1. In the list PHE53, PHE69, which residue meets the criterion of being touching a helix residue (DSSP H, G or I) at 6+ places or on another chain (Cβ under 8 Å), among the aromatic types (Phe, Trp, Tyr) and farther than 25 Å from ARG32 by Cα?
2. Only one of ARG44, ARG108 is within 25 Å of TYR31 (Cα to Cα) and out of contact with any Lys or Arg (no Cβ under 6 Å at 6 or more places or on another chain). Can you tell me which?
3. Just to check your reading of the model, which residue among ILE114, ILE61, ILE77 is touching a residue at least 60 places away in the same chain (Cβ under 8 Å) and of a type in the set (Val, Ile, Thr)?
4. Say we look at the range 40-61 and pick out the residues that are charged (D, E, K, R) and either in contact with a Phe, Trp or Tyr (Cβ under 6 Å, 6 or more places away or on another chain) or not in a helix (DSSP H, G or I) (or both); which of these is surrounded by the fewest Cβ atoms within 10 Å (Cβ to Cβ)?
5. Of all the residues that make up the range 62-72, how many are out of contact with any His (no Cβ under 6 Å at 6 or more places or on another chain), in a helix (DSSP H, G or I), modelled with pLDDT of 90 or more and crowded, with 16+ Cβ neighbours inside 10 Å?
6. Test THR10 against the criterion of being modelled with pLDDT of 50 or more and over 16 Å from the mean Cα position of the chain (by Cα), and give yes or no.
7. Identify the residue in the range 18-39 that is surrounded by 15 or more Cβ atoms within 10 Å (Cβ to Cβ) and touching a helix residue (DSSP H, G or I) at 6+ places or on another chain (Cβ under 7 Å) and, among all such residues, is modelled with the highest pLDDT.
Amino acid sequence: ALGTLVYLLTKKDNSVDGLGAIQSNQPPNGYRKKEADVKSFLFRFNFIPKFKFEDERTKNIETCLNLNFSPFKVQEIIKKLSYDDYSWSQGDEFNNGTELFIFHKIIRGTEIYIKLQINNNKFANCISFHD
């Protein structure tokens with residue numbers, strides 16, 4: 001799994017298939033955002049009309065196949081993310097420092113690493129969705 005498991009949250013209202021969310025340690029270049037900032041990001045992310053799922057990434061494809069998820073199901077799960085699922089943020093060195101938001105969620109017994117980004121307020125990008 002990704003990072004060291006710090007604790008297990010058991011909130012049923014933000015879980016998928018009745019399982020809770022987890023938090024992992026952030027990397028050295030990561031940082032925590034305030035709850036209001038994360039909620040604002042999720043609100044903006046979910047209301048941008050253009051959603052892009054990086055389905056050419058092998059890890060993402062394998063995870064979706066293992067869970068029998070389409071990109072539409074991934075988007076549905078992302079729309080249900082909350083601050084409790086949030087792990088950390090970091091700058092994207094490949095995209096002019098655009099901020100990345102990292103979430104972890106247990107789905108069907110598997111820890112899923114979810115990396116989201118808003119690109120120029122034009123599209124919501126799910127870069128990572130894998131174990």
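The values are calculated or read from the model by the stated rules, or taken from the named source; none is laboratory data. Since the model is a prediction, treat every value here as computed from it, not as a measurement. Please note: Cβ atoms are built from the backbone with ideal geometry, for glycine as well, and neighbour counts cover all protein chains shown.
1. On the way: PHE53 fails: farther than 25 Å from ARG32 by Cα.
Checking each option against the conditions leaves just PHE69.
2. Numbers: ARG108 fails: within 25 Å of TYR31 (Cα to Cα).
Sole residue among the options that is within 25 Å of TYR31 (Cα to Cα) and out of contact with any Lys or Arg (no Cβ under 6 Å at 6 or more places or on another chain): ARG44.
3. ILE77
4. GLU56
5. 2
6. Values: modelled with pLDDT of 50 or more: no; over 16 Å from the mean Cα position of the chain (by Cα): yes.
When the stated conditions are applied, THR10 does not pass them.
7. Per the stated criteria, the residue is VAL38.
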